[in-house]
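What follows is a short report on a single structure.
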Amino acid sequence: MKKYGTILLILLLFTGNTYSQEKLNSDGQIPILAWYSIPSSETSVERYQEMKDAGITHSLSFFPNLDALQKALDAAAKVGAKMVVSCPELKSDPEKTVRLLMNHPAVAGYHLIDEPGIAQFKELGDWGKRIQTVDSKHFCYVNLFPNFADSVKQLGTGDYRKYVRECASMIPLQFLSFDYYPVLKDRLSKTWYENLEQFSSEAKKANKPFWAFALTTNYDDGHLTPQTLASIRLQVYSDLAYGAQGIQYFTYWSATSVNAASSEDQRGAPISASGKRSVVYDRVKQMSEEIKTLSGVFLGAKMVWVRHAAKGMIPSGTIRLTTLPEAIKVLDSNGAPILVSLLEKDENNYLVVVNKDFLNSINLVLYGDESVRKILKDGSIVPAGAYESAMELDPGDAAIYLFPKEKTTKK
């Protein structure tokens with residue numbers, strides 16, 4: 001019996017070594033920004049700790065004055081959170097205000113404006129230069145319109161790429177940002193992926209990273225209520241697959257009323273108008289943990305290409321998947337709509353496959369050579385061969401694989 005026990009122990013040890021697990025390494029984390037974060041009236045260390053516990057690293061709220069902002073900065077600093085600062089004094093006297101704030105440990109950057117038109121870029125550029133002359137360590141932040149914005153009343157041009165390009169060249173920004181809330185009740189907006197194609201391409205030409213959004217509240221009657229984990233995942237993993245280097249949640253705190261003029265309803269966010277957590281708080285917390293854990297894949301990665309696959313039409317402005325990296329022998333979604341991204345980082349490539357159906361799981365088949373490894377949600381790295389090649393991919397979720405650069409087919 002002792003002999004058989006020794007053999008069994010050896011077999012177990014051998015099996016364990018065969019599928020021994022590495023862990024992702026990362027020098028940092030993908031920033032996670034909460035838009036319409038903690039209101040000035042709710043400023044406290046406890047509220048900022050609650051936000052940080054949801055995995056949010058950066059806060060953006062709009063403060064009535066500099067004193068209220070400084071009180072919030074002090075609270076954020078005590079829990080190790082960062083803030084993109086906004087108050088009237090930043091516009092009326094930028095040099096003095098920036099000198100007062102620039103050495104505060106909670107300051108991450110300075111919010112200039114949301115969704116400007118192209119005619120405002122010159123003034124914003126001058127404002128940003130005044131800020132950067134005093135403080136070049138912290139970023140200036142501008143968020144841009146999506147591609148469906150009115151070309152006359154909002155963008156100021158009929159060429160969306162020009163709109164992004166002019167922003168990048170005229171305003172001193174360390175990164176670009178745009179918003180788009182694509183997940184409707186039973187479908188995706190038709191131009192979202194085209195917008196990601198346009199924005200990621202122009203950011204790459206400008207040699208700037210970009211940040212993108214995930215909707216985490218009610219927006220209007222057409223959007224999901226409440227936001228599901230699948231819908232949030234689909235937005236986040238699509239953004240990251242296109243190379244986004246920051247994720248923004250819109251919003252963190254619910255508005256107190258419906259904005260009748262704009263038909264927006266921002267109730268149903270992670271924190272309700274009464275200050276209580278909703279079910280979305282826990283979903284955001286889970287999503288944030290996944291972003292943090294997988295930052296070893298996405299932070300600093302360069303998007304090589306993105307392709308789409310489906311039985312029928314693929315989104316306008318995107319490219320159909322026709323060629324696979326050398327290491328991947330079979331990739332089949334059985335006609336279900338998927339996004340496939342190839343990212344490059346250090347000596348490795350990462351293949352990201354996103355289920356674009358946020359309502360249903362899909363059956364995915366992926367088979368690769370012996371160099372392919374699978375990255376799990378907890379950051380573990382295991383041989384892909386440890387899993388069946390046929391798998392179920394949850395709604396809106398992503399499967400991520402790793403292999404050496406030399407196993408990549410040139411596109």
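For the stretch 108-136, which residues satisfy the criterion of being within 24 Å of the chain's Cα centre (by Cα) and under 22 Å from F63 (Cα atoms)? Reasoning before the result, please.
So in the stretch 108-136, the residues within 24 Å of the chain's Cα centre (by Cα) come out as 108-117.
Answer for the stretch 108-136, where residues must be within 24 Å of the chain's Cα centre (by Cα) and under 22 Å from F63 (Cα atoms): A108, G109, Y110, H111, L112, I113, D114, E115, P116.
Anything in the stretch 202-228 that is part of a strand (DSSP E or B) and either out of contact with any His (no Cβ under 9 Å at 6 or more places or on another chain) or touching a residue at least 40 places away in the same chain (Cβ under 8 Å) (or both)? List them, or say none.
F210, W211, A212, F213, A214, H223, listed by residue number.
Do we find that F199 is at pLDDT 95 or above, assigned to a strand (DSSP E or B) and buried (at least 23 other Cβ atoms within 10 Å of the Cβ) in this structure?
Criteria not met by F199.
Spot the failing condition for F175; the list is (1) within 17 Å of N143 (Cα to Cα); (2) free of Cβ contacts under 8 Å to residues at least 40 places away in the same chain, and only one is missed.
For F175, the failing item is (2).
Among (1) surrounded by 15 or more Cβ atoms within 10 Å (Cβ to Cβ); (2) basic (K, R); (3) modelled with pLDDT under 95, there is one condition K23 misses while meeting the rest; what is its number?
(1)
Please pick out the residue among S380, S389 that is farther than 23 Å from D239 by Cβ, in the same structural domain as A310 (by TED's automatic domain parsing) and under 22 Å from the mean Cα position of the chain (by Cα).
After applying the criteria, what remains is S380.
If you go through the stretch 173-183 one residue at a time, how many are crowded, with 17+ Cβ neighbours inside 10 Å and more than 16 Å from the chain's Cα centre (by Cα)? Walk me through it before giving the result.
First, the residues of the stretch 173-183 that are crowded, with 17+ Cβ neighbours inside 10 Å: 173, 175-183.
Retained after the next criterion (residues that are more than 16 Å from the chain's Cα centre (by Cα)): 173.
The number of residues fulfilling the criteria is 1.
Do the conditions hold for D186, that is, is it more than 17 Å from the chain's Cα centre (by Cα), assigned by TED's automatic domain parsing to the domain that holds D114 and either more than 21 Å from N355 (Cα to Cα) or buried (at least 20 other Cβ atoms within 10 Å of the Cβ) (or both)?
No, not satisfied.
What do you reckon, is L173 under 30 Å from N360 (Cβ atoms), at pLDDT 95 or above and either of a type outside the set (D, E, K, R) or assigned to a loop (DSSP other than H, G, I, E, B) (or both)?
Spelling it out, it is not the case that L173 is under 30 Å from N360 (Cβ atoms), at pLDDT 95 or above and either of a type outside the set (D, E, K, R) or assigned to a loop (DSSP other than H, G, I, E, B) (or both).
Is it fair to say L66 is of a type outside the set (S, T, Y), buried (at least 16 other Cβ atoms within 10 Å of the Cβ), closer than 22 Å to K137 by Cα and touching an Asp or Glu at 6+ places or on another chain (Cβ under 8 Å)?
yes
I'd like the full set of residues that are of a type in the set (A, V, I, L, M, F, W, C) and over 21 Å from G246 (Cβ atoms), limited to the stretch 171-193.
Looking only at the stretch 171-193, we keep the residues that are of a type in the set (A, V, I, L, M, F, W, C), and these are 171, 173, 175-176, 178, 183-184, 188, 192.
Result: L184, L188.
With respect to the numbered conditions (1) out of contact with any helix residue (DSSP H, G or I) (no Cβ under 9 Å at 6 or more places or on another chain); (2) part of a strand (DSSP E or B), which one is the sole condition not fulfilled by H111?
Result: H111 passes all but (1).
Pairs please, first residue from the stretch 143-158 and buried (at least 19 other Cβ atoms within 10 Å of the Cβ), second anywhere and among the acidic types (D, E), Cβ atoms under 7 Å, 6+ apart in sequence or on different chains.
N143/D114; N143/E115; N143/D179; L144/E115; F145/E115; P146/D179; N147/E194
Check whether at least one residue in the stretch 350-367 is surrounded by fewer than 18 Cβ atoms within 10 Å (Cβ to Cβ), in contact (Cβ under 8 Å) with a residue 40 or more places away in the chain and of a type outside the set (A, V, I, L, M), and report yes or no.
The answer is no; no qualifying residue exists.
Does L90 qualify as being in contact (Cβ under 8 Å) with a residue 12 or more places away in the chain, surrounded by 15 or more Cβ atoms within 10 Å (Cβ to Cβ), more than 24 Å from the chain's Cα centre (by Cα) and part of a helix (DSSP H, G or I)?
yes
The values are calculated or read from the model by the stated rules, or taken from the named source; none is laboratory data. Please read all numbers here as calculations on a predicted model, not as lab measurements. Positions of Cβ are generated from backbone atoms using ideal geometry, with glycine treated the same way; all protein chains shown enter the neighbour counts.
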